[in-house]
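The values are calculated or read from the model by the stated rules, or taken from the named source; none is laboratory data. Just so it is clear, the structure is predicted and the values come from calculations on it, not from any experiment. Note that each Cβ is placed from the backbone with ideal geometry, even for glycine, and that neighbours are counted across all protein chains shown. To get the accessible areas, we keep the full protein, side chains included, count just its heavy atoms, and leave off ligands, DNA and RNA. Shrake-Rupley method; radii C 1.70, N 1.55, O 1.52, S 1.80 Å.
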Amino acid sequence: MLWGKYFSKKDKAHFYLPGEEIKIDRDDVFNNHIFDGDPLVTVKNRVAFATLLFIFAYLVICIRLFDVCLSGGIHQTAVLEEDEESKHLFAYAANPIKRADILDRNGTIIATSLPTVNLYANPKKVPNKVKAAAKLSAILPDIRYEDILDKLQRRSTFVYIKRNLTPSQQYQINALGIPGLDFENGEKRIYPHKELFAQLLGSTNIDNKGIAGMEKELDERLTQSDIPLTLTIDSGIQDTIRMELQAAIEKFKAEGAAAILMDVNTGEIISMLSLPDYDPNMMNNVPDRALFNFATKGVYEPGSVLKVFNAALGLESGKVKVSDKWDTTKPVKLRYNTIKDYRGENRWLDLQEVLIYSSNIGSARIALTVGKEEQRKFLSNLGFFTPVHSIEVAEKGVPLIPSEKRWREETTATVGYGYGISITPLHLVSAFSAIVNGGIYHAPTLVKNGSAKESKRVVSFNTSQQMRKLLRGVVTKGSGKRANVLGYEVAGKTGTANKLVNGKYVDKKVMTSFLATFPASNPKYAFFMVMDEPKPLKETWGFVTSGWNTVPTAGKIISEIAPQLDLKANYDLDELRQSRIIEATFEKKSKR
């Protein structure tokens with residue numbers, strides 16, 4: 001039976017279940033046959049190989065990408081024939097702007113460059129020059145048709161038609177399709193604040209190369225690095241001072257004015273102005289006077305403000321004391337000169353009174369007491385004999401100083417009260433900062449965090465401290481009263497110098513100035529202002545001296561910029577009472 005066959009051991013080897021009759025002997029098959037290759041296996045192998053190849057390629061790309069990103073650029077090796085050494089050159093993305101921006105101390109852009117295009121032509125390739133000139137003149141109305149035609153008829157192969165095209169002009173000219181015309185990439189210097197930094201920054205020429213001011217002096221720095229140049233100037237304070245200077249020029253009908261604000265402890269210039277000025281974005285027909293930076297180049301005889309340094313010289317020499325007195329009842333008669341006082345006190349004056357009443361006689365006697373040698377050495381140490389080389393503008397005034405042989409007794413006396421040498425406003429404010437800051441001269445600078453500048457001691461701390469008190473008296477009791485800004489302890493010295501015209505000093509043509517520091521108890525800033533030929537007014541009683549024009553203007557400026565400088569006002573009741581008395585006195589005089 002079938003059931004028995006399943007369990008029968010005897011016949012089991014010869015019994016086949018359904019389908020077993022086609023069973024293949026696998027050992028026999030694989031031992032006796034050789035396969036050339038299974039197609040499915042081959043495909044799988046190829047896919048695996050291709051996958052590994054792609055993984056390897058992507059791995060190489062990833063490694064290289066990380067290398068480039070982390071190393072900062074693509075390295076190229078260049079072999080120099082001179083020394084046969086390999087050096088790595090770094091390739092970076094090209095910056096289309098070649099001249100760096102200029103920023104104020106707060107990061108405000110005050111000079112920048114914008115990409116532009118220039119139109120040029122190869123006259124030999126322009127087919128119909130008359131027709132081409134007509135079409136171009138229609139698009140460029142600021143250029144005459146005759147001038148364009150003249151350029152297109154030249155025999156050269158390159159001629160500029162117009163620089164700094166507008167995008168619209170470039171599009172219209174390009175649409176003309178005139179052979180021989182092409183465009184060149186360029187850049188144009190832009191001054192967003194217009195006149196505000198005119199003489200300080202200067203300007204560039206048509207090729208964007210510096211030709212004046214900082215643009216010229218720092219041309220290499222501005223063209224070799226695209227890192228912005230940060231200045232010490234504060235644009236907000238600059239604007240405030242310019243507004244008040246301009247108002248004063250208009251009120252007193254002056255020929256011009258200049259002002260400098262300096263940090264006495266660092267030499268950083270916070271503001272520098274010279275008026276009249278100009279818009280450096282439009283350089284056509286600019287008057288010579290507007291191009292002149294009086295603050296750094298205008299050498300002149302400063303007058304009575306020089307008495308500050310004469311007094312400091314006397315104290316520093318040890319030959320003069322604060323309590324000493326000098327006879328001002330009689331003029332000082334010298335070989336070629338007689339020195340008198342303007343509205344003198346005609347009595348003996350101590351050192352503070354010499355400054356308060358601006359006595360020429362007293363100042364001359366102090367200078368003669370000290371002597372020529374010490375005077376020359378002291379003024380030279382203050383930097384009065386050489387240009388201020390540290391300042392980063394191209395225009396640097398050269399002081400006019402008599403030679404040592406010609407520096408006689410008359411020179412010693414006249415220099416003592418402000419005549420005989422000619423220096424710039426920058427010389428005055430830099431030296432004055434040293435007199436009031438504790439005795440350290442800091443070379444003036446316009447660049448924030450620039451290279452280290454010169455610093456040296458020029459007077460002792462004791463002399464500096466005494467000078468602050470003396471100069472504070474000039475503002476509270478003397479000709480500087482109208483600059484006694486409440487709360488800010490202004491100290492300073494006025495100056496009125498007659499101008500030399502055709503070899504003679506003219507009484508009504510004067511340079512009025514005011515040299516000040518604040519706060520006097522702990523000086524932080526020095527301010528200098530000068531006006532050129534202010535005119536007498538009814539409210540000034542016909543006077544043109546500094547106390548009637550420069551001093552009140554400087555007082556107004558200090559009252560406005562002190563809060564901007566974050567100076568805390570120190571209100572003193574006695575000072576408040578004294579200030580009201582001063583104002584009432586001036587108001588009473590004005591009503592007469």
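Here are the numbers for the structure shown:
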item	result
When residues of the range 117-131 are limited to those that are within 15 Å of PHE158 (Cβ to Cβ) and in contact with a Leu (Cβ under 9 Å, 6 or more places away or on another chain), the one most open to solvent (accessible area, probe 1.4 Å)	LYS125
Residue among LYS508, LYS504, LYS568 that alone is of a type in the set (Lys, Arg), at pLDDT below 95 and under 18 Å from LYS253 (Cβ atoms)	LYS508
All strands (runs of 3 or more DSSP E) inside the range 463-571 with 2 or more residues being of a type in the set (Gly, Ala, Ser) and open to solvent by 10 Å² or more (accessible area, probe 1.4 Å)	none
Subset tally (residues that are modelled with pLDDT of 95 or more, of a type outside the set (Gly, Ala, Ser) and surrounded by fewer than 14 Cβ atoms within 10 Å (Cβ to Cβ)) for the range 279-324	1
Selected residue (criterion: nearest to TYR525 (Cα to Cα)) from residues of the range 425-443 that are touching an Asp or Glu at 6+ places or on another chain (Cβ under 9 Å) and of a type in the set (Ser, Thr, Tyr)	SER433
Scope the range 328-352; condition assigned to a helix (DSSP H, G or I) and surrounded by fewer than 21 Cβ atoms within 10 Å (Cβ to Cβ); matching residues	GLN352
Counted residues, the range 444-462 - those being open to solvent by less than 60 Å² (accessible area, probe 1.4 Å), out of contact with any strand residue (DSSP E or B) (no Cβ under 7 Å at 6 or more places or on another chain) and closer than 21 Å to ALA520 by Cα	2
Residue list for the range 400-442, restricted to those being touching a strand residue (DSSP E or B) at 6+ places or on another chain (Cβ under 9 Å) and of a type in the set (Phe, Trp, Tyr)	TYR417, TYR419, PHE432, TYR441
Pick from the range 353-369, criterion touching a helix residue (DSSP H, G or I) at 6+ places or on another chain (Cβ under 9 Å) and either among the hydroxyl-bearing types (Ser, Thr, Tyr) or at positive phi (or both), ranking: most open to solvent (accessible area, probe 1.4 Å)	THR369
Every residue from the range 389-435 that is among the polar types (S, T, N, Q), open to solvent by 10 Å² or more (accessible area, probe 1.4 Å) and not in a strand (DSSP E or B)	SER390, SER403, THR411, THR414
Flag for GLN169 being farther than 26 Å from ASP279 by Cα, at pLDDT below 95 and in contact with a helix residue (DSSP H, G or I) (Cβ under 9 Å, 6 or more places away or on another chain)	no
Residue match in the range 253-270 (condition: in a helix (DSSP H, G or I) and within 30 Å of LYS535 (Cα to Cα))	no
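Per-residue answers, yes or no, for (1) of a type in the set (D, E, K, R); (2) closer than 16 Å to GLY256 by Cβ:
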residue	(1), (2)
GLY478	no, no
GLY487	no, no
ALA491	no, no
ALA497	no, yes
TYR505	no, no
ASN522	no, no
LYS556	yes, no
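Let's see how each residue does on (1) among the β-branched types (Val, Ile, Thr); (2) at pLDDT below 90; (3) within 20 Å of THR223 (Cβ to Cβ):
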residue: ALA93; (1), (2), (3): no, yes, yes
residue: PRO96; (1), (2), (3): no, yes, yes
residue: LEU103; (1), (2), (3): no, no, yes
residue: GLY107; (1), (2), (3): no, no, no
residue: ILE110; (1), (2), (3): yes, no, yes
residue: THR116; (1), (2), (3): yes, no, yes
residue: TYR120; (1), (2), (3): no, no, no
residue: LYS124; (1), (2), (3): no, no, no
residue: LYS129; (1), (2), (3): no, no, no
